[in-house]
């Protein structure tokens, strides 16, 4: 990962849309009302460049990361790739990350039990030749779940 040459965004939020859409809408609205620039994948992605490169560029160009961990977060390979990139930036540049446990207990994320265990069983079947990638994702989740964050219930 190359060092970012300037901050494009104040905040990059990683989330699984299908189970956090309402909360994310409120979060983005509150941040924007306070003049905090937030990368929004549905508005900031442009044609012509690969989505993964644009996301990587947005992650590298953000000052702070918010990772909204939810019941279905671990089912998304894309969310897990984002988390891996975020934690690489945290390690390389010391940028802060704030986990938000939305309708999921931090211990479920940390220990990959319940829906997280089922998600990884699926990834291990689907990505049988990529066990190192799956292991990196598990370690990333354990690492982020060990950080101080917010635990929020639905509604």
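The values are calculated or read from the model by the stated rules, or taken from the named source; none is laboratory data. As the structure is a prediction and not an experimental result, all values here were calculated from the model. Cβ atoms come from the backbone with ideal geometry, glycine included; neighbour counts cover every protein chain shown.
Given the options 67, 97, name the one that is modelled with pLDDT of 95 or more and farther than 21 Å from residue 18 by Cβ.
None of the others qualify; the one that does is 97.
Of everything in region 90-119, what is crowded, with 19+ Cβ neighbours inside 10 Å and assigned to a helix (DSSP H, G or I)? Give them in sequence order.
Result: 108, 109, 116, 119.
Does residue 134 meet the test of being in a helix (DSSP H, G or I), without any contact (Cβ under 8 Å) to a residue 40 or more places away in the chain and on the phi < 0 side of the Ramachandran plot?
On the way: in a helix (DSSP H, G or I): yes; without any contact (Cβ under 8 Å) to a residue 40 or more places away in the chain: yes; on the phi < 0 side of the Ramachandran plot: yes.
When the stated conditions are applied, residue 134 passes them.
Which one of 10, 44 is modelled with pLDDT under 75 and surrounded by 14 or more Cβ atoms within 10 Å (Cβ to Cβ)? Give the steps one after another, and end with the answer.
On the way: 10 fails: modelled with pLDDT under 75.
That would be 44, the only listed residue that is modelled with pLDDT under 75 and surrounded by 14 or more Cβ atoms within 10 Å (Cβ to Cβ).
Of the residues that sit in region 61-78 and are surrounded by fewer than 23 Cβ atoms within 10 Å (Cβ to Cβ) and not in a loop (DSSP other than H, G, I, E, B), which one is farthest from the chain's Cα centre (by Cα)? Lay out the reasoning, then the answer.
Taking region 61-78 first, the residues surrounded by fewer than 23 Cβ atoms within 10 Å (Cβ to Cβ) are 61, 63-64, 66, 71-72, 75-78.
Narrowing the set further to residues that are not in a loop (DSSP other than H, G, I, E, B) leaves 63-64, 66, 75, 77-78.
Details: 63: 14, 64: 12, 66: 7, 75: 12, 77: 11, 78: 9 Å.
Filtering region 61-78 for residues that are surrounded by fewer than 23 Cβ atoms within 10 Å (Cβ to Cβ) and not in a loop (DSSP other than H, G, I, E, B), the one farthest from the chain's Cα centre (by Cα) comes out as 63.
Can you find a residue in region 65-83 that is farther than 14 Å from residue 15 by Cβ and in contact with a strand residue (DSSP E or B) (Cβ under 8 Å, 6 or more places away or on another chain)?
no
In region 25-34, is there at least one residue being surrounded by 18 or more Cβ atoms within 10 Å (Cβ to Cβ), within 13 Å of the chain's Cα centre (by Cα), at pLDDT 95 or above and closer than 16 Å to residue 13 by Cα?
Looking through region 25-34, none of the residues is surrounded by 18 or more Cβ atoms within 10 Å (Cβ to Cβ), within 13 Å of the chain's Cα centre (by Cα), at pLDDT 95 or above and closer than 16 Å to residue 13 by Cα.
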